[in-house]
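All remarks here apply to the structure that follows.
The values are calculated or read from the model by the stated rules, or taken from the named source; none is laboratory data. Source: prediction; values computed, not measured. Don't worry about glycine lacking a Cβ; one is built from the backbone with ideal geometry, like all the others, and counts go over all protein chains shown. Heads up: the accessible areas ignore ligands, DNA and RNA and are worked out on the full protein's heavy atoms, side chains in. Shrake-Rupley method; radii C 1.70, N 1.55, O 1.52, S 1.80 Å.
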Amino acid sequence: MPDLSQETPYADGKILKQVTDGVGIITFNNPDKRNAMSLEMWEGFGEALTALRDDDAVRVVILRGAGGKAFVSGADISQFEKVRHNAAASEEYGRRSAAQRALLADYPKPTIACIQGFCLGGGMQLAMLADIRISAHDSQFGIPAAKLGIAYGYDGLKHLVSLVGPSWARLLMYTGMRIDSTEALRIGLVERVIPDEQLWGETMAIAITIAQNAPLAIKAAKITIAQVLKDESARDMDAVKAIGTACMDSSDFREGRQAFMEKRKPQFSGK
Ligand code: COA
């Protein structure tokens, strides 16, 4: 687990940020409410994401929940009466929280959701926006929008459908049911399920592997996969070409092939 003394607080400490070994870590830290997200937390999350995006020492970002019982249990329902009670209020609420999610959707560095416990509603949206989802055995996933009378929105459903397909998306949305990590793995909602006590170590090991690989090659993969997922008419093939050229002309490509020939570990600079 990260050393809490090294963490920078946002949103009154309900969002924490840390950097270790080239890995940025954002912790949702409201365990008494199962890490339910208030608007202040959404905004603190955006600030932490921005700080890690602009920190050259950071090559990959992990999102995690504090307390062991939840990743994020969704939006903080206790705020709804005040900030999300009708369509107009909901639009303003949605605009402010969506602005922070947009930062994650367009994030230039790889992101990993490390999920232990409940991952519900807006927590699912966060997890689905991450590039990779690693889950503990005891996690539970669901989108209880139909139990609350909420419309989940286009972006969240787009990601759900692209991960699990339209039929599972319908089953999850119509029933509001929760599924366990075995089922989440089977339907493609998460990529790996790890015993609870090994989750953090395994997630960090994947993050450190990414942090030590060539940043431009990872950026090329991230940009290209994002374009593959777009409609053909919306694809930015110039961006794919530009990052391909940057990669093949990079000193890291030279370092990569030299290190292979010299049978040593490469030291990549991102240039
Ligand atoms: N918003 C606000 N508070 C929440 C919350 C949320 N999304 N999720 C949990 N909490 C609070 C509970 O109200 C409770 O507060 P209390 O101690 O003051 O009573 C505390 O967190 C612990 O929750 P509890 O239900 O007692 O824990 P649990 O382990 O039995 O169940 C959940 C955890 C997450 C399954 C359950 O709390 C739940 O279903 N939460 C709502 C999830 C949801 O609908 N999310 C979508 C929101 S759009």
Working only within the range 117-139, note down all residues that are in contact with a helix residue (DSSP H, G or I) (Cβ under 7 Å, 6 or more places away or on another chain) and over 15 Å from L189 (Cβ atoms). D138
Restricting the search to the range 64-75, which residues are assigned to a loop (DSSP other than H, G, I, E, B) and open to solvent by less than 10 Å² (accessible area, probe 1.4 Å)? G74
With criteria (1) open to solvent by 70 Å² or more (accessible area, probe 1.4 Å); (2) under 21 Å from R59 (Cβ atoms), E232 comes up short on (2)
If N35 meets every condition in (1) within 11 Å of the ligand (Cβ to nearest atom); (2) touching a helix residue (DSSP H, G or I) at 6+ places or on another chain (Cβ under 7 Å); (3) closer than 21 Å to G153 by Cβ apart from one, which number is that one? (2)
Please state which of the following conditions A89 fails to meet, knowing it meets all the rest: (1) within 16 Å of the ligand (Cβ to nearest atom); (2) part of a strand (DSSP E or B); (3) open to solvent by 10 Å² or more (accessible area, probe 1.4 Å). (2)
Exclusive hit being aromatic (F, W, Y), in the same structural domain as R84 (by TED's automatic domain parsing) and assigned to a loop (DSSP other than H, G, I, E, B), set Y107, Y174: Y107
For the range 123-140, the count of residues that are within 11 Å of the ligand (Cβ to nearest atom) and crowded, with 24+ Cβ neighbours inside 10 Å equals 3
Any residue at all in the range 224-239 that's at pLDDT 95 or above, outside the structural domain of S135 (by TED's automatic domain parsing) and outside any helix (DSSP H, G or I)? yes
For the structure I just gave you, tell me whether S78 is within 14 Å of the ligand (Cβ to nearest atom) and surrounded by fewer than 19 Cβ atoms within 10 Å (Cβ to Cβ). yes
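Conditions tested, residue by residue: (1) touching a residue at least 60 places away in the same chain (Cβ under 8 Å); (2) open to solvent by less than 10 Å² (accessible area, probe 1.4 Å); (3) within 14 Å of the ligand (Cβ to nearest atom).
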{"position": "S97", "(1), (2), (3)": "yes, yes, yes"}
{"position": "T111", "(1), (2), (3)": "no, yes, no"}
{"position": "G117", "(1), (2), (3)": "yes, yes, yes"}
{"position": "K147", "(1), (2), (3)": "no, no, yes"}
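Inside the range 1-63, counting only strands (runs of 3 or more DSSP E) that do not spill past its ends, which hold 1 or more residues that are crowded, with 18+ Cβ neighbours inside 10 Å and basic (K, R)?
Working: elements: 8-10, 15-20, 23-28.
Where strands (runs of 3 or more DSSP E) fall fully within the range 1-63 and carry at least 1 residues being crowded, with 18+ Cβ neighbours inside 10 Å and basic (K, R), they are 15-20.
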